[in-house]
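Shown next, in structure tokens, is the structure this report addresses.
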Amino acid sequence: VNYWYNESLSRAAIETGTNFCDLGGNNYVVDEQLALDEKAKAAGINIIPDCGLAPGMVSILAMHGAAKFDEIEEIHIRVGGLPQDPQPPLNYQLVFSVEGLINEYLEVARVIREGSVKEVDSMTEIEELAFDGFPPLEAFQTSGGTSTLPDTFLGKIRELDYKTIRYAGHCEKFKTMIDLGLCSSDEIVADYVKVKPRKVFGELLQKHLPADGPDYVLVRLDFVGKTGGETKKVRYDIVDKQDEATGLSAMMRTTAFPASIIAQMMASGDVLERGATPQEKAIDPVKFVAELERRNIIINES
């Protein structure tokens, strides 16, 4: 379900008295959903947006890691879905909605810098990244991944950001196409026909990019803070890959399982407070991580 339906679905949940969670992906839509808090409380239901991988699981992992410190100062989140057999030119395969992909590359990213919420252009601030056994990787700013974390941690943390992981070189190639206008929603005329470049480009991506090959999902959260007056660092790494026994891709596992866990927690009464609430405030991170481990999504802590 594309993200633009989520506000209407949230309103339908209120009207029918039904708990609701979604995979999110757009900050503006999430803001509209969270504005329904009082109506959701009156209906006695939970609305929890952004419950996939990122946004989603990583927000709860951020709370889980932050709890290890007396004072949390920095959280840096890096996430990416990668093909096991990358094919040029983009070395990428479609593992979720093409509209969601374009959206996260176009919209601004929300971060905390020096204690204040800032907006940063997507596809900027490229950095090199290394995971054992993987070729050179890069990470760069994209929108949506921090979800509501900047609001939750405002006044409590100095630095917080999220970047998407890709094989090295992907960002520059894709940004060139953005700079050429291929992701613009402004209509142009081609052969006397009005078209939106973004729509055409999206169709071409779906046609030419692989979509069903085996994949990896890489997750890294770096925490910096103080415990007992001393500065310490903690790293969470997850390397998930396609489950050959079930056929579930890594992206399916790390996106659907978190949403399923949250839905089951709502159904079982583990989410006590009613209303429209960010997942990092509504969900017990210890119980959530235990449920991830039951599904063989394992955090390697160092």
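Modelled this way, with points 7 Å down the Cα-to-C-beta line, the labels at residue 97 and residue 37 are 2.5 nm from one another. If you take the Cα centroid of the stretch 46-80 and the Cα centroid of the stretch 88-129, the two points sit 17 Å apart.
For the stretch 162-302, the fraction of C-alpha pairs more than 26 angstrom apart is 51%. Residue 75 sits among other residues whose Cβ lies under 13 Å from its own Cβ, and their net charge, with Lys and Arg +1 and Asp and Glu -1, is +2. Taking each DSSP H run with n ≥ 4 as -39500 (n - 2.57) and averaging over every residue of the chain yields -10000 deg cm²/dmol at 222 nm. Using R0 = 51 Å, the C-beta based FRET efficiency linking residue 120 and residue 245 works out to 0.80. Taken over the stretch 216-270, the convex hull of the Cα atoms encloses 116 Å³ per residue. Would you mind estimating how fast the stretch 55-117 diffuses translationally, via Stokes-Einstein at 20 °C and 1.002 mPa s with the Kirkwood radius over Cα pairs, in µm²/s? Diffusion coefficient, whole number: 146 µm²/s.
Placing unit charges on each Cβ (+1 for Lys and Arg, -1 for Asp and Glu) gives the stretch 208-302 a dipole about its Cα centre, and among 299, 246, 209 the Cα reaching farthest toward its positive end belongs to 299. Scattering from the chain was approximated by placing one identical point on each alpha carbon and applying the Debye formula without solvent; log10 I(q)/I(0) at 0.07, 0.12, 0.15 1/Å stands at -0.27, -0.81, -1.26.
Take every Cα pair under 8 Å whose residues are at least 6 apart in sequence, average their separation, divide by the length of the stretch 105-152, and the relative contact order is 41 percent. Taking every C-alpha pair closer than 8 Å and separated by at least 6 residues, the mean separation divided by the residue count of the stretch 3-301 gives a relative contact order of 26 percent. Report the percentage of all Cα-Cα pairs in the stretch 1-57 whose separation exceeds 20 Å, rounded to a whole percent. Summing the P(r) tail past 20 Å for the stretch 1-57 gives 15 percent. Computed over neighbours whose Cβ is under 9 Å from that of residue 234, the net charge equals +2, Lys and Arg +1, Asp and Glu -1. Based on the Kirkwood radius over alpha-carbon pairs, what value in µm²/s does the Stokes-Einstein equation return for the translational diffusion coefficient of the stretch 35-163 at 25 °C and 0.890 mPa s? Value of D from the Cα-based Kirkwood radius: 150 µm²/s.
Over the stretch 1-117, Cα pairs under 8 Å with separation of 6+ residues give a relative contact order of 23 percent.
Throughout, read-outs are computed from the coordinates displayed, never taken from laboratory work. This structure is a prediction, so every number in the text was calculated from the model and none was measured. Reconstructed Cβ throughout: ideal geometry from the backbone, glycine too, with neighbour counts over all protein chains shown.
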